[in-house]
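Take a look at the structure set out below.
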Amino acid sequence: MKIIKNIFSFLIALILIVLSITLSLYSFGVLSVNFIPNLISTSYNNWQIAVVYLVVLFMSLFVIYPYFTDKKFKSTRLLSSESGDITITISALSNLIKDRVKEKEKFEDIKIKIEELDQGLKIILSGNLTVPGDLPAISENIQHDLKSYITKTTGIEVAKVQIQIDDVKKDNKLPKNVEWGGL
């Protein structure tokens, strides 16, 4: 879908460039005085040109539409009672997630994206992981821990925790309980 949007954006930009150049040349007197009136009169009652104009219109609407719709939600409801609603902002929820992950695992440069699904929240977590350890086991541990922690702490149902490991770093430090023998 993104590639289609990029193609449409490119074509619309190209059309605007041609239109701007044409109007500039017309305004400076380089083009004939009758150029634009002739162009408009030839497009009158011409269904092929009308189809081209409609295609350009739909492409423009397709490119502009996402700017008028905001799928991101700013907060989510924790509790609803007769006294009112209790909500938590997405930034507060993100901070809660970051703190929990940093506390449990050596996950750094954490980026969090949260989406609201019908089944609950979808948490997309990305960052750098410092190992030693089994990557799938560490990732699965983070997923289960975050899911239960967020549900217990906030009461919000977590449908999915998706983890993307951007970089793996080796921890070259020896464990604390290793003693060096004297040489």
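Residues of the range 78-107 that are among the charged types (D, E, K, R) and touching a helix residue (DSSP H, G or I) at 6+ places or on another chain (Cβ under 8 Å): R100, K104, E105.
Scanning the range 110-128 for residues that are within 11 Å of Q164 (Cβ to Cβ) and exposed (fewer than 14 other Cβ atoms within 10 Å of the Cβ) returns a single hit, K111.
The residue of the range 33-70 that is modelled with the highest pLDDT, among those that are surrounded by 13 or more Cβ atoms within 10 Å (Cβ to Cβ) and either touching a strand residue (DSSP E or B) at 6+ places or on another chain (Cβ under 7 Å) or of a type in the set (F, W, Y) (or both), is F35. Scanning the range 119-143 for residues that are in a helix (DSSP H, G or I) and without any contact (Cβ under 8 Å) to a residue 12 or more places away in the chain yields P136, A137, E140. Can you tell me which residues in the range 92-109 are of a type in the set (A, V, I, L, M) and either surrounded by 15 or more Cβ atoms within 10 Å (Cβ to Cβ) or touching a residue at least 24 places away in the same chain (Cβ under 8 Å) (or both)? Passing the criteria: L93, L96, I97, V101. Residues that are touching a helix residue (DSSP H, G or I) at 6+ places or on another chain (Cβ under 9 Å) and either in the same structural domain as E116 (by TED's automatic domain parsing) or within 24 Å of K2 (Cβ to Cβ) (or both) within the range 16-57 comprise just one, V56.
The values are calculated or read from the model by the stated rules, or taken from the named source; none is laboratory data. Just so it is clear, the structure is predicted and the values come from calculations on it, not from any experiment. Heads up, the Cβs are rebuilt from the backbone with ideal geometry, glycines too, and the neighbour counts pull from every protein chain shown.
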